[in-house]
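Values in this text are rule-based calculations from the coordinates and carry no lab data. Note that the coordinates shown come from a computational prediction; the quantities given were computed from them, not determined experimentally. Here the Cβ is made from the backbone with ideal geometry for all residues, glycine too, and neighbour counts use every protein chain on show.
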Amino acid sequence: MSSDDRIIELLSLMLDEQKETNRRLGSVEGRLESVEHRLESVEQRLISVENEAKITNQRLGALKYAFLNDSRELRTRVERLEATVAKLSNAA
């Protein structure tokens, strides 16, 4: 076998290895793109959940404020009723 034949054989082997490497890289690239799309979907969902959480927290804050106001109003009414009952008891 001449040195030219050996060089051609080695170059052919290198070409075959490069083709296999390119095939594998293409497969990996496809999987990476798939993972990237899934990560983008997860990121969008996370943003949506964060926005929903903000809205929920705002609504909970409003409910807490309303509950506190209602509680104060109820306490005031009970105190007035107690005072009225006490006056009526003393008058009788």
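Computed about the Cα centre, the dipole magnitude for the chain is approximately 1360 debye when only Lys and Arg (+1) and Asp and Glu (-1) carry charge, each at its Cβ. Between the listed residues Ser12, Ser2, Ala66, the Cα displaced farthest toward the positive end of the dipole of the chain, a dipole computed from Cβ unit charges relative to the Cα centre, is found at Ala66. Note on Arg59 and Ser34: their simple-model spin labels are 3.8 nm apart, each label 7 Å out from Cα toward Cβ. Extending 7 Å from Cα along the Cβ direction at Leu68 and again at Lys87 yields two label points whose distance is 3.1 nm. Among [x] 2, 13, 25, 28, 22, 9, 1; [y] 3, 10, 6, 7, 6, 6, 6, 5, 6, 4, 5, 4, 4, 4, 4, 3, 3, 2, 3, 2, 2, 1, 1, 1, 1, 0, 0; [z] 3, 11, 16, 15, 15, 15, 11, 9, 5, 1, 0, only one was calculated for this model; which label is it, if the read-out is P(r) over Cα pairs in 5 Å bins from 0, in percent? Only one option fits the structure, namely [y]. With q set to 0.26, 0.27, 0.30 Å⁻¹, the log10 of I(q)/I(0) for segment 19-73, from the Debye formula over equal scatterers at the Cα positions, is -0.92, -0.94, -1.01.
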